[in-house]
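Enquirer: The following block contains the structure, expressed as structure tokens.
The values are calculated or read from the model by the stated rules, or taken from the named source; none is laboratory data. Predicted, not measured: the structure shown is a model, and the values here were computed from it. Note that we place each Cβ from the backbone using ideal geometry, even for glycine, and neighbour counts take in every protein chain shown. For the accessible areas, the whole protein counts, side chains as well, though only heavy atoms, and no ligand, DNA or RNA atoms are used. Shrake-Rupley method; radii C 1.70, N 1.55, O 1.52, S 1.80 Å.
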Amino acid sequence: MTDLPAVPIDLFVNPAFAPAAPYGAHRAAILGATALERAGAEITRWTGYAPTPLRALDALAARMGVASVHYKDEGGRFGLGSFKALGGAYAVGRLLCRELGRRLGREPAMGELLRDPALRAACSDVTVTCATDGNHGRSVAWGARMFGCRCVIYIHAGVSAGRKEAIERYGATVVRTSGNYDQAVQEADRDARALGRHVISDTSYPGYMDVPRDVMQGYQLMVQEAVAALPEWPTHVFVQAGVGGLAAAVCAYFWERDAAHRPVFVVVEPARADCLLRSARAGHPVAVTGQLDTLMAGLACGEVSLLAWDILAEGANAFCSLQDEAAVAVMRLLARPEGGDAAIVAGESAVAGLAAAIGALQDRRARAALGLGADSRLLFFGSEADTDPELYRELVGPDAAEVAAAHGTGAA
Ligand SMILES: Cc1ncc(COP(=O)(O)O)c(C=O)c1O
């Protein structure tokens, strides 16, 4: 471990973790096998669908002193750069099915929206909207274009110009607000109510559950793909979190499939946007306020999604936070691999899980608390590539093409 970056972590072992708890009907109604089957049946038929690669990083595993490291590389997902392509766009399709069903008295199947000109014309009357730090808005805008509806996206003050343009490329109108992510959520909501728009949020709150549930169900396709490609069931999974939707989708999948043998599950956040960690410490959802000033833009969320909390409160073994420097160090580590590992272009919000595992292995107490050791098989979800190419170059040095040319990305 001496040649790996030092990663200090703040680890909190979850006293509410329920090792013997069955997954149960309440959680299955949020994230369950039937809903995943439905999401998979739709999403795998979209143009451009292909499972993203699961990269075995054997040299990194040796350096970390564990049995294996697998990294599900979401950078190529539908050409959007992140796993979020699975969630927002799927939720747009589900919303349109429900909305047209209400108007027509018959709920169409999602595939019909793509094929039937009359249904497509009906979609063009519907406006979807959301607040975003970048990736979710890109997915909603892309989904809106795919299904032929209108789209207005709200971004907060910290979202880069590059990310704004990437959303506009899909034909959405983009509104920049002055506050943080949670304030952008409130503005999008207020305007939606006034103007009859449909909010496609990736976070749930009282009275707003259907859409974020669809979003998380879309995410689960990524977990299913990862498990199908893994040579062995993992022993540990570390997942980065903003509102917790991604982490909940992953945690739920393993818990539902095999409650007795689920991997040790750790939720990882930036220290300045650690709403899940604080909630775990408090035993109930707690908000973080202020600018949530972290480089990990996708994780800069101050309030947990209540549906995600329903899974993670008892499903996560531990919660932890780390500093921005750790993310940058791990982005560089993946861009310049050693010993035959593929080079990976990982964005600033993609690597907190891996960074936390490196940190936990360096910390005797954390290693013991999580049962990490030479037999551990670690799984990570590299949730984005260089979704802001300029920032990537600034942080890592080479750009994505140079990383690939220097080391090979391992892409098939
Ligand atoms: C790249 C990336 N990773 C992880 C996350 C965290 O997902 P969630 O907000 O569902 O916890 C986000 C959220 O936007 C993201 O963009």
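Enquirer: Quick one: which residue in Gly242, Gly283, Gly290 is modelled with pLDDT under 95 and not assigned by TED's automatic domain parsing to the domain that holds Ala184?
Expert: Gly290
Enquirer: So which of Gly315, Gly298 is in the same structural domain as Ile344 (by TED's automatic domain parsing) and open to solvent by less than 10 Å² (accessible area, probe 1.4 Å)?
Expert: Gly315 is the lone residue from the list that is in the same structural domain as Ile344 (by TED's automatic domain parsing) and open to solvent by less than 10 Å² (accessible area, probe 1.4 Å).
Enquirer: If only one of Cys97, Cys123 is closer than 21 Å to Tyr208 by Cα, at pLDDT 95 or above, over 19 Å from the mean Cα position of the chain (by Cα) and away from the ligand (no atom under 14 Å from the Cβ), which one is it?
Expert: Cys97
Enquirer: Scan segment 264-299 for residues that are out of contact with any strand residue (DSSP E or B) (no Cβ under 7 Å at 6 or more places or on another chain) and over 24 Å from Glu314 (Cα atoms) and jot them down.
Expert: Thr289, Gly290, Gln291, Leu292, Asp293, Leu295, Ala297
Enquirer: Right, next: Can you name the residue in segment 322-353 that is within 21 Å of Ala280 (Cα to Cα) and open to solvent by less than 10 Å² (accessible area, probe 1.4 Å) and, of all such residues, is farthest from the ligand (Cβ to nearest atom)?
Expert: It comes out as Leu322.
Enquirer: Scan segment 59-85 and report the pairs whose first residue is without any contact (Cβ under 8 Å) to a residue 40 or more places away in the chain and under 12 Å from Trp142 (Cα atoms) and whose second residue is more than 13 Å from the ligand (Cβ to nearest atom) and in a helix (DSSP H, G or I), with Cβ atoms within less than 9 Å and a gap of 6+ or a chain change.
Expert: Correct list of pairs: Gly79/Trp142.
Enquirer: So which residues in segment 354-387 are surrounded by fewer than 23 Cβ atoms within 10 Å (Cβ to Cβ) and of a type in the set (D, E, K, R)?
Expert: Asp363, Arg364, Arg365, Arg367, Asp375, Arg377
A quick yes/no check of all residues on (1) in a helix (DSSP H, G or I); (2) of a type in the set (D, E, K, R); (3) within 30 Å of Ser160 (Cα to Cα):
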residue: His284; (1), (2), (3): no, no, no
residue: Gly290; (1), (2), (3): no, no, yes
residue: Cys301; (1), (2), (3): no, no, yes
residue: Val304; (1), (2), (3): no, no, yes
residue: Leu307; (1), (2), (3): yes, no, yes
residue: Val328; (1), (2), (3): yes, no, yes
residue: Phe380; (1), (2), (3): no, no, yes
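Enquirer: Could you list, in sequence order, all residues of segment 210-267 that are charged (D, E, K, R) and within 14 Å of the ligand (Cβ to nearest atom)?
Expert: Those that are charged (D, E, K, R) and within 14 Å of the ligand (Cβ to nearest atom): Arg213, Asp214.
Enquirer: So, in segment 264-273, of the ones that are open to solvent by 10 Å² or more (accessible area, probe 1.4 Å) and touching a residue at least 60 places away in the same chain (Cβ under 8 Å), which residue ends up nearest to Arg367 (Cα to Cα)?
Expert: Ranking the qualifying residues of segment 264-273, first place goes to Val264.
Here's the yes/no breakdown for (1) modelled with pLDDT under 95; (2) farther than 30 Å from Gly111 by Cα; (3) open to solvent by less than 50 Å² (accessible area, probe 1.4 Å):
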{"position": "Met1", "(1), (2), (3)": "yes, yes, no"}
{"position": "Ala6", "(1), (2), (3)": "no, yes, no"}
{"position": "Phe12", "(1), (2), (3)": "no, yes, yes"}
{"position": "Ala25", "(1), (2), (3)": "no, no, no"}
{"position": "Gly40", "(1), (2), (3)": "no, no, yes"}
{"position": "Ile43", "(1), (2), (3)": "no, no, yes"}
{"position": "Gly65", "(1), (2), (3)": "no, yes, yes"}
{"position": "Ser68", "(1), (2), (3)": "no, yes, yes"}
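Enquirer: Go through segment 45-54 and report how many residues are open to solvent by 30 Å² or more (accessible area, probe 1.4 Å) and closer than 22 Å to Gln240 by Cβ.
Expert: Qualifying residue count, segment 45-54: 3.
Enquirer: Just one of (1) outside the structural domain of Glu225 (by TED's automatic domain parsing); (2) modelled with pLDDT of 95 or more trips up Arg336, so point out which.
Expert: Every condition holds for Arg336 apart from (1).
Enquirer: Which one of Gly162, Gly158, Gly137 is surrounded by fewer than 16 Cβ atoms within 10 Å (Cβ to Cβ), under 21 Å from the mean Cα position of the chain (by Cα) and more than 20 Å from Gly111 (Cα to Cα)?
Expert: One residue alone meets the criteria, Gly162.
Enquirer: Checking Ala172 against (1) buried (at least 17 other Cβ atoms within 10 Å of the Cβ); (2) within 16 Å of the ligand (Cβ to nearest atom); (3) closer than 25 Å to Gly148 by Cβ, only one condition comes out false. Which one?
Expert: (2)
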